[in-house]
Each structure stands twice: as C-alpha cells, then as structure tokens.
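Below is one structure, written out as structure tokens; comments come after it.
The values are calculated or read from the model by the stated rules, or taken from the named source; none is laboratory data. All figures in this text were calculated on a predicted structure; none of them were measured in a lab. Methodologically, a virtual Cβ is constructed for each residue, glycine included, from the backbone with ideal geometry; neighbour enumeration extends over all protein chains shown. Please note that ligands, DNA and RNA were not included when accessible areas were found on the heavy atoms of the full protein model with its side chains. Shrake-Rupley method; radii C 1.70, N 1.55, O 1.52, S 1.80 Å.
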Amino acid sequence: MSRTKIYRLFWKLAGEDKNILRDSEKHLQMRFALSGFLIALLFITAVISYHHTFSQIFNIPNLSWVWSLVFSLMIFNIYKLSLITISANPNRKGVGYITSFFIRICILLLLGLTIIKPIETLLLKRKLNLELAHLKFDKIKKATIQTAAYFDSEIASNDDELNRQQLLLTDGRIKNNSNRIELLKAKKIKLELDKKELIEETENRIDASPHYVRGLILLNSKFPWVWIISIGFLLLFLTPLFLKYLISRSSSYDIVRSELNRDIILDEYANFKKQYPLLFQNSIGKRIELEERFEDPPFNQIPRTITRKTGTELDFINYLNGL
C-alpha cells in the first residue's frame, strides 16, 4: 500500500482535500496526515473522557458509552468546522479577523478543558480517592452529629413525658394510664431504631456517592500542578489548527486550493447572475438585471466610485416647471 493511500484517511479526518494533497509536497502530505492522526487520537480521548463523566454522573456505565460517542461527535464537528474555515495566512488581518480568531481559539480551549479535566481524575485516581475519603469522612461525621442531635432531642422529650406519666401513675393522680406509658416506651424504641437506620443510610449514601464535581474542584485546588497536564493537552488540542494556519502561502497546496475556491465562487456567481433576471422575468414578467456596486464582484472588496452630476438652482426650478 502506497504512503498516499495510508495518508488519505488522515487527510479526510483533518477535513482537507485529498485530491489536492495527492499532488502536493511530501512535507505537506505528512503535515496533514499528522493533523488527522492527532484528531483521531483526540477523538478517542474525548470518548473515554466523556464516558467517565457520564458514568460518574448518571451511574449507567454501558449507556454512557453511547452518550460519550454522540457527545464526542458533536464536539469534534465543531472542532473540524473551525479547522475547515480557518484561512492560512490570510491577506487581510483586520480587527474583525483577529477578534474572530481569538474567539475561535477560546472556544477550542473550553472544548479541550471538557476533555482533559475528566482524564486527569483517571490519571490521578489514587490521590483523588484519598482526598475524597477525607472529604467523605468529614461529611459523614457532620451528618451523624446532626442526625444524632435531632433524635436525641426527640428521645429526651419522649423520656421526660414518660417519666411524668409514670410519676403521675405512681402518685395515684391518674388511673389506667398503662396504655399511654406503653406507647411512649414503644415510641422511644422506634426513635432509637430510626436513628440507627438513618445514620447507617446517610453513611452509605455519602460513601457511595462519587462526588464527581467536588473531586474535580479538589484535584485542582489540592494539586495545582495538574494544570501542567492541562496546558500540555491544550497545546496538543490546538496543534492541528496551527499546523494548517502556519502553512506558507507559497506552498502548492495553498495556491491550488485558493485558485480552486476562487474558481468555484466565480462559477457559482456567474450562474447566479444568469439566473437572476430570468427569475424576475418568470415571477413578475419584468426582466431586472443585477446591479453591481463593487469593482470585484462577488468578493466585494473594491467599491465602485459613483459620480453624480448636480445642476444649479435654476436647473431645479426648470425641472419642476417641466422646462
């Protein structure tokens, strides 16, 4: 199998024209093959990352693979759109272009962060589990104290009422109050049982929870050096974009692609100009030609100079009087 055939799949992944690249310089073929390879690698990383995220949040490991695949396809469609629409070394780098390029980079960085941050929790799983264990212990301790305080208060109130009823019965102030006393004793047993069950349930719930979002916060606050991993990944994430952006305008690929794009635009515009008056003719029965307001249609970079001849006040009066 020839090298060109091997590269072709990666060129397609990079969103580049394989027919132009086939006749381009070898270093350009390798550049875009590398770009496509990186995109494939990043896509696989994204699927693993989003699967971990969805699995932690929804606790449905198998279905999370489907969600992660769909979400990764959506993310990388945006990613490839940014690659396809970027112009290598454009002729005009005005404020609008710089702003657009800056916004595009920011969007890609945000997309990259949604991929690398979950991966970091997998890479540093042992350290993160240790931190989460301390966090869960503190939360269980706090919840246990609050739960015990509530039930202890209820049990104390119940004991006071039970002692009061027993005292009244002993003093002979009331008779046949044994049912009330038995109910209070049963209530105390129920409260103690509920207290134990609720504390155990709270402990199990806190211990079983992945604390995914809290884990991300802990990882970045306790170990700031993980941003070295993040920055390294983000640079890799932006590499395909810069591989294309830094192509020389004198390269055969850029020249042929620019000429091909220009020919396509001119052909489509010529066809539009031909169909324009025919559409008006068929629609309203009147032929209207397209009025050009630029010297270089359809690119419209050079406005036409419009010269108007103005008359005198007398000419205007004569025009009003029909003279």
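Quick one: if you take sqrt(5λ) for each eigenvalue of the C-alpha gyration tensor of the chain, what semi-axes come out, biggest first, whole angstrom?
On the way: eigenvalues 1084, 237, 68 Å².
Equivalent-ellipsoid dimensions as semi-axes: 74, 34, 18 Å.
With every protein chain left in place, what is the accessible area per residue of the range 1-137 in square angstrom, probe 1.4 Å?
Per residue, the range 1-137 has an accessible area of 58 Å².
Given the Cα-Cα distance of Ala40 and Ile181 and 0.36 nm per residue of separation, how much length would full extension add, in nm?
Taking Ala40 through Ile181 to full extension adds about 43.3 nm, to one decimal.
How many angstrom lie between the Cα centre of the range 1-57 and the Cα centre of the range 179-228?
48 Å
Which whole-number percentage describes the relative contact order of the chain, with Cα contacts under 8 Å and a sequence gap of 6 or more?
Once divided by the residue count of the chain, the mean separation gives 21 percent.
Using 15 Å as the cut-off for backbone N distance, which residues of the range 104-123 belong to the label zone defined by a point 7 Å from the Cα of Lys222 along Cα→Cβ?
Within reach of a label on Lys222, which here means backbone N under 15 Å from a point 7 Å along Cα→Cβ, the range 104-123 contributes 120-123.
Among 292-301, 231-240, how do they line up by average Cβ neighbours within 10 Å per residue, starting with the highest? Working shown, then result.
Working: 292-301: 11.9, 231-240: 16.5.
Ranked from most to least packed, the peptides come out as 231-240, 292-301.
Which percent of the Cα-Cα distances in the range 280-323 go past 16 Å?
Across the range 280-323, Cα pairs with separations above 16 Å total 66 percent.
Place +1 on the Cβ of every Lys and Arg and -1 on the Cβ of every Asp and Glu in the chain, take the dipole about the Cα centre, and give the residue among Thr45, Phe10, Phe242 whose Cα lies farthest towards its positive end.
Phe10
With charges only on Cβ, +1 for K and R and -1 for D and E, what is the dipole size of the chain about its Cα centre, in debye, rounded to 20?
So the dipole magnitude of the chain works out to roughly 660 debye.
What is the spread of the Cα atoms of the range 1-129 along each of their three principal axes, largest first, in whole Å?
51, 47, 26
Lys/Arg Cβ at +1, Asp/Glu Cβ at -1, dipole of the range 70-164 taken about the Cα centre: which of Phe101, Ala143, Leu162 is farthest positive-ward?
Checking the options against the dipole of the range 70-164, the answer is Phe101.
Percent of accessible area on the chain owned by carbon and sulfur, 1.4 Å probe?
The C+S portion of the solvent-accessible surface of the chain is 61 percent.
Please identify the DSSP H helices in the chain that span no less than 18 Å along the helix axis (Cα) and have a mean Kyte-Doolittle hydropathy of -1.0 or more.
Working: long enough: 26-58 (47 Å, 0.97); 61-85 (36 Å, 1.16); 95-123 (41 Å, 1.79); 125-171 (66 Å, -0.66); 178-208 (45 Å, -0.91); 226-245 (29 Å, 1.96); 252-284 (48 Å, -0.45).
Correct list, ordered by number: 26-58, 61-85, 95-123, 125-171, 178-208, 226-245, 252-284.
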